[in-house]
Structures are given as C-alpha cells and as structure tokens.
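Structure first, then comments.
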Amino acid sequence: MDKLRITGGRPLEGEVRISGAKNAALPIMCAALLSAEPLRLSNVPRLMDVATMAKLLGQMGVEVRRDSPGEIFLQAKSIADPTAPYELVKTMRASVLVLGPLLARCGQARVSLPGGCAIGARPVDQHVKGLQAMGATIALEHGYMTARAERLRGARIVMDLVTVTGTENLMLAAALAEGTTMLENAAREPEVVDLARCLTAMGAKIEGAGSGTIRIDGVRSLSGAAFRVMPDRIETGTFLAAAATAGGKVRLTAVAPDSLDATLEKLREAGASIKTGKDEIAIEAAGRPAAVSVRTAPYPGFPTDMQAQFMALATVARGTAVITETIFENRMMHALELQRLGANITMQGTSAVVTGVDRLQGAKVMATDLRASGPTCALRPGW
Ligand code: EPZ
C-alpha cells in the first residue's frame, strides 16, 4: 500500500479483533527447520513479513501451505538449500533467524548479512558470537555469513546486550545442540517466551524463558506440533494509543493484557480509563490526554515499538513530555514528520521534548518505519 489518505478530527468508536504477533510468528516459523515433522500454526497474522518468511523457507525446501486464514502448515522433511539470499534478507531483517536452526539441523548455512535499516545499524554480532561459542565457524564472504558446525555444542553465553532475535536465534540453535546451553542477559520479551513454548511443544527442553537466564538442554531430534501464536501486543498498544490520542471508546478482543503492562500504565497516566478482561481490553478517553514522558527499554520496560505512538499522543497533550529512545540510535525520524503537522517538538540528543498544541493541521507525511506509520492516523488535525 503506497499511501493512506486520513481525514481526522473525530473520536474513535468500535471493536477490533487483534491479530497474532508478527514478532512471535516469524521466529516460530523458523522452528519448522528443526524437525522433519509438520508444524501447524494458527493465529498467524496476514502480513508481508510472514509471506516473505514463507517464501524464504519454501526456497530452502520446506513445504509451506496456508490451509485457511490465519493457519500455516510447515514441514521440513529435508532442507535442499540452507541459503537465505540477499534479495529476501534485505526486505526482512528477521530472515537472520534461519541461521541458528539451519546450523543446528544441517550443520551448515549461508545467510546474507541483513545490513542496516531506517532505525539503526542493527548489527548481528551477538548472534554470531553465540553460535561461535557453540562451536560454529562463521566466515563473512561477499556479504554472506557462511557458517559450519559438525554438531553444535552447549555453551554458557553471556550476551553483551539484550537482543530479542539474538536470544531467539541461539535458543533455536541450542534446542538440537549437544549438552546444555545457558543464555545469560537474555531478552525477556513475550515473543521469546512464545517461541520457547512452541519449541517445548516440539519436545525441546527449555527453562527460564521470560527471565534473564534461559537454560536449554539439547535433544537429538524434535517432533512436530500444533501451536497458536500469541496476540500482537504492539498492534494492541497502537490501537489503544490511537484511542487515547483521538479520544473515543474502543474494545479490543483476542488480546493478551498481561503482555502490555508498561504501555497500559502510561495510557492510564495520560488519563485514559482502561478495563482489562482475560483476553480483552476496553479503553475510554475524552478530551485532550495528559502529557506522559516515556523512556524505551528492553521488556518489561517500555517498548521501543510503542515510542512513535506515544510521541504522537504527546503532540496534542496538555503539557510537555520527554520521549527518550534507548534501543535504536535512529528511531526519531517521525518527529520531523510530526512537525510537518504543526507539532511542537525539540530534539535533544536521543530525546524529543514535545509540548502539546491545541490544534494540528493535515499535511502529507512519510511513514519512516513500520511503527511510525500507525500514530499519524489518529491525530486530530483541525479540531
Ligand atoms: C526485535 O528486533 C523486533 N523485531 C523489533 O521490532 C523490536 O524493535 C526490537 O526487537 C526491540 O524490541 C523482531 O522481533 C522481528 P534487538 P531485533 O536485537 O531483535 C543491538 C518491529 O517494528 N544489537 O533486540 O533486531 C541493536 O542494534 C521491529 O516490529 C547489537 O548491537 O532487535 C539494537 O540497538 C522493529 N548486536 C539493540 O541491540 C546484535 O547482535 C536491540 O536490538 C543484536 C542487536
């Protein structure tokens, strides 16, 4: 979709059923590489990245079938070509998640380096360091990581920083490694836990997912499984932030409220009234929100994938908010686009100081990254 034309200026009303989580579905699809038996996934979101991952796995020889909406059948009876080509990897960085499982299953992999992206350099040194600690040799040739390992061995890996896909890649690799792997300073994101749940359903031995230390006792082989992908907490948070920004009454279903603590807390601070049930959230917001400052951090801290949405909220809030990004070095481009709508934003290093204005005007703006595109839809131009 090249462009969206949005006429703002009125509160949001209605009910939305939330999709499965993109950032859980992608690593979980890669788990299919670890077994010769079928992996049946449900609640899979209908997204370009999911289609790209299906294409990437299909090119390797994995049988991929979409039996019905939200369901994917994957079976890697054999892996003909353990390669992730640049043409696909450049469109979706998460392709790097095939590196660990290919090495564990086939003893070799050739994966294009993802390169940088709009929000930062995003190196994969922690993925490489962890796999090397498990006995892999990884060479960089013509922009590709060429990796080899007789059989990966368990290792104690202390990651220099918290990385979500780094933790997932190493967990996937360790599931079939010889012996025990300890991942220290591991990411605690709910998507990491969802992957661990799926691997456990396939017969993997994993403890501690969701904490900073994950223990994986490698097994010889994994079976198939049927697994339901968790709800998307960022999609949920984006709809809630839109309602808190534009005002209104919105009910979200098929959600996981307990994966959104930091976001819900900030929305309540902004003055929204929020009710949560087992798998639903209802929000009501009237009048201008209160200014709320946020500082992004690894889970359970405030998610970087919600930063742009809260900057948008701050542009029409009562008072001044400071929005600080600590995860990605270049994830403030949307501030310039918001200024085009008449927002009052001053950049100070990795922080944006946003003083709410009474009124914004419609203008042509650019979606600088996936998470920056959502918020501009909810603003109240010309109210
Ligand atoms: C995941 O990216 C998500 N993507 C991102 O969502 C999300 O923003 C990010 O985690 C943080 O929550 C998927 O799950 C597919 P990181 P990931 O490795 O794993 C540095 C979206 O909008 N780093 O946790 O790539 C890195 O540069 C996307 O859905 C290294 O230096 O993020 C960053 O500054 C955007 N070396 C920081 O760590 C490494 O080897 C955290 O990145 C790995 C990471």
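What follows draws every value from the coordinates through simple rules; no lab data is involved. Computed from a prediction, not measured in an experiment: that's the story for all the values here. Using ideal geometry, Cβ is built from the backbone for each residue, glycine included, and neighbour counts are taken over all protein chains shown.
Cross-link pairs exceeding 20 Å in C-alpha to C-alpha distance, out of LYS55/LYS77; LYS249/LYS275; LYS22/LYS275; LYS55/LYS90; LYS3/LYS364, comprise LYS22/LYS275.
The C-alpha atoms of the chain define a longest principal axis, and helix 190-201 lies at about 30 degrees to it.
In summary, the stretch 202-323 shows an alpha-carbon radius of gyration equal to 1.30 times the 2.2 N^0.38 Å reference for compact globular proteins. Neighbours of LEU131, meaning other residues whose beta-carbon lies under 12 angstrom from its beta-carbon, give a summed charge of +2 when Lys and Arg score +1 and Asp and Glu score -1.
Estimated purely from DSSP H runs of n ≥ 4, each contributing -39500 (n - 2.57), the mean residue ellipticity at 222 nm for the chain is -8500 deg cm²/dmol once divided by its residues. A straight line joining the Cα centroids of the stretch 339-371 and the stretch 26-94 runs 37 Å.
Between ARG10 and ALA139, residue separation times 0.36 nm minus the direct Cα-Cα distance comes to 40.9 nm. Dipole magnitude for the chain: computed about the Cα centre from +1 point charges on Lys and Arg Cβ and -1 point charges on Asp and Glu Cβ, it is near 520 debye.
Mind checking the stretch 269-322 for GluC sites (Glu not before Pro) that DSSP puts in a loop (not H, G, I, E or B) and that have at most 13 other Cβ atoms within 10 Å? Could the numbers behind the result be given before it?
Working: sites: GLU269, GLU280, GLU284; in loops: none.
Listed in order of number, the matching sites amount to none.
Over the stretch 25-112, the reciprocal of the mean inverse Cα-Cα separation, the Kirkwood hydrodynamic radius, stands at 12.7 Å.
If you take the Cα centroid of the stretch 205-233 and the Cα centroid of the stretch 287-304, the two points sit 29 Å apart. Backbone geometry of the stretch 331-337 corresponds, through the Karplus equation with coefficients 6.51, -1.76 and 1.60 at θ = phi - 60°, to 3J(HN,Hα) couplings of 10, 10, 4, 5, 4, 5, 6 Hz, x marking Gly and Pro.
R0 = 56 Å: FRET efficiency of LYS278 with GLN132, Cβ-based, nearest 0.05? Spell out each step's value before the answer.
Details: r = 44 Å, r/R0 = 0.78.
Once rounded, the FRET efficiency stands at 0.80.
Taking the charge dipole of the chain about its Cα centre, with +1 at Lys and Arg Cβ atoms and -1 at Asp and Glu Cβ atoms, the residue from GLY179, ILE216, ALA32 reaching farthest to the positive side is ALA32.
Helix 164-174 and the longest principal axis of the C-alpha atoms of the chain enclose an angle of approximately 20°. Loop-resident GluC sites (Glu not before Pro) (DSSP state other than H, G, I, E or B) in the stretch 323-353 with no more than 16 further Cβ atoms inside 10 Å of their Cβ: GLU329. Protection proxy ranking, highest mean first, for peptides 19-28, 183-192, 123-132: 19-28, 183-192, 123-132, where packing is the per-residue count of other beta-carbon atoms within 10 Å, averaged. When the P(r) is computed for the chain, the part past 34 Å accounts for 30% of the Cα-Cα pairs.
For the chain, the antiparallel share of DSSP beta bridges with both residues in that region comes to about 70%. Kirkwood radius for the stretch 110-238, taken over all pairs of different Cα atoms as the inverse mean of 1/r, rounds to 15.4 Å.
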